[in-house]
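Data first, discussion second: the structure below is written as structure tokens.
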Amino acid sequence: MASTPRPLTASSVLFVVLVAGAVLGLGVRAAVTVRDADISDFRCFYEAGRLVAAGSDPYDRTVWAAAAYTDPDRVPHCARTFIYPLWTAVAMAPLSVLPERAAVALWEAILFACSLGAMALISRTWAMLGGARLLLVTLLWSQPMFSAIGNAQFGPVILLSVAALGYGLDRGRARTLAAAWWLMLLKPHITALVMAGTLLTISRRAAAVLLAGALVIGVATLLVIPTWPVDLIRENIDQQQLLGDRGLGTLWTLSSDIGLPAAVGGAVAVLLVLACAAMLPRRRLRPREVVVALVAASLLLTPYARPHDLVVLAVCWAAGLAAAKQAQVGTRATLATLVIAAGLIIPWIVTVLSLFGAPLSLYVTVSLVTAALTVVAIRAEGLAGDGARVRSAVESG
């Protein structure tokens, strides 16, 4: 006998409307980026991939200028050379065979697919309040997501990698873990701490496999351009790319914006991470908890992060919603509010304030709130686990 279809509830209709609205908005934003492909951030990766495919050096300033700055009236937001590892350029080389706008359109589709893939993995890793619905709506409507799509940046790809990392560690999926860890090489200034921390939490044999794979990738790129690591370090130091950019949402840049040395902000970031670590429960953290703790710490410590990088923090918001699901009513509402504040309210408020001259470094408040949320979530999950064990002991007694 055929089952009767479930009637649509108000919450289901609202969810569909919110997701459809977000998809439409992101689609329009992606279309604008495709139209302006020549001045988008993607142009930097596209040209780097094209140069590598053609046997040229993207770290050579003359070669780079001839490729990236072809129209003085349409200047892309690129540095004076390519400032990512060469393997990032190699990874983008296949897209460079397409016309630029077609490549951007395909890349935008990849970014959106990565976001959905990340949500699927997160939902299998964390039992969240509202299932995956609340997190999905928060992510799709978040300013970091619109920024990632608008700039055609790597944020959703890195989000997929950290989501897969948490899933792989939690479920013991060695292949998923390896693929996720190697994928994080694409943007190491955001993921280096996560990668290093992961090596300390797995077996020596598994760590050796990950490092061996990274070595193979590194050696392969050295065969393409032997001098690229030295060129990359020299260019970053020469351009002071990590500390002198006022468009960053980090404690380093916030410190500069209020008239202090950038290093002061870095020191504060270290102290905050140590304080957060001290507040974590004195127990062995679950693998998924390790990942979210490392992600939150990484976004606090890094000297170089833009709003589109903050989309990676969605894994931490998931931890907050998981803690909310287990919490009592009052605490549940507080945790859910923190998630919505970190993912939606704060970044959009900073965006509006920036239109009136507020520094973009205020985006670091998203990382700060998310770090606090992560500590609370991990502590709450530990308490819930302790309560479950006590109840089990009482019942068995």
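A compact table of results
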quantity	calculated
Verdict on Ala314 being of a type outside the set (Phe, Trp, Tyr), outside any helix (DSSP H, G or I) and either within 18 Å of Pro144 (Cα to Cα) or open to solvent by less than 10 Å² (accessible area, probe 1.4 Å) (or both)	no
Given (1) over 23 Å from the mean Cα position of the chain (by Cα); (2) among the small types (Gly, Ala, Ser); (3) in a helix (DSSP H, G or I), number of the condition Ser56 does not satisfy	(3)
Region 89-110 residues that are touching a residue at least 40 places away in the same chain (Cβ under 8 Å), paired with ones that are among the charged types (D, E, K, R) and buried (at least 21 other Cβ atoms within 10 Å of the Cβ) (beta carbon under 8 Å, 6 or more apart)	Ser96/Glu47; Glu100/Arg43
Subset tally (residues that are closer than 15 Å to Val366 by Cα and at pLDDT below 95) for region 275-299	0
Unmet criterion (only one of (1) hydrophobic (A, V, I, L, M, F, W, C); (2) open to solvent by 30 Å² or more (accessible area, probe 1.4 Å); (3) over 17 Å from Glu235 (Cβ atoms)) for Ala66	(3)
Count - residues of region 111-140 that are touching a residue at least 24 places away in the same chain (Cβ under 8 Å) and either aromatic (Phe, Trp, Tyr) or in contact with a Ser or Thr (Cβ under 6 Å, 6 or more places away or on another chain) (or both)	2
Cross-chain or 6+ apart pairs with Cβ under 7 Å, region 337-352 first and under 16 Å from Trp317 (Cα atoms) and open to solvent by less than 60 Å² (accessible area, probe 1.4 Å), then part of a helix (DSSP H, G or I) and among the aromatic types (Phe, Trp, Tyr)	Val339/Trp317; Ala342/Trp317; Gly343/Trp317; Leu344/Trp141; Pro347/Tyr363
Long-range neighbours under 7 Å by Cβ, at least six apart or interchain, first residue within 15 Å of Lys187 (Cα to Cα) within region 292-314, second open to solvent by less than 10 Å² (accessible area, probe 1.4 Å) and acidic (Asp, Glu)	none
Any chance Cys276 is open to solvent by less than 60 Å² (accessible area, probe 1.4 Å), farther than 21 Å from Leu160 by Cα and touching a helix residue (DSSP H, G or I) at 6+ places or on another chain (Cβ under 6 Å)	yes
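The values are calculated or read from the model by the stated rules, or taken from the named source; none is laboratory data. Note that this is a predicted model, so its numbers are computed, not measured. As a convention, Cβ positions derive from the backbone with ideal geometry for all residues, glycine included, and neighbour counts pool all protein chains shown. Heavy atoms of the whole protein, side chains included, go into the accessibility calculation; ligands, DNA and RNA do not. Shrake-Rupley method; radii C 1.70, N 1.55, O 1.52, S 1.80 Å.
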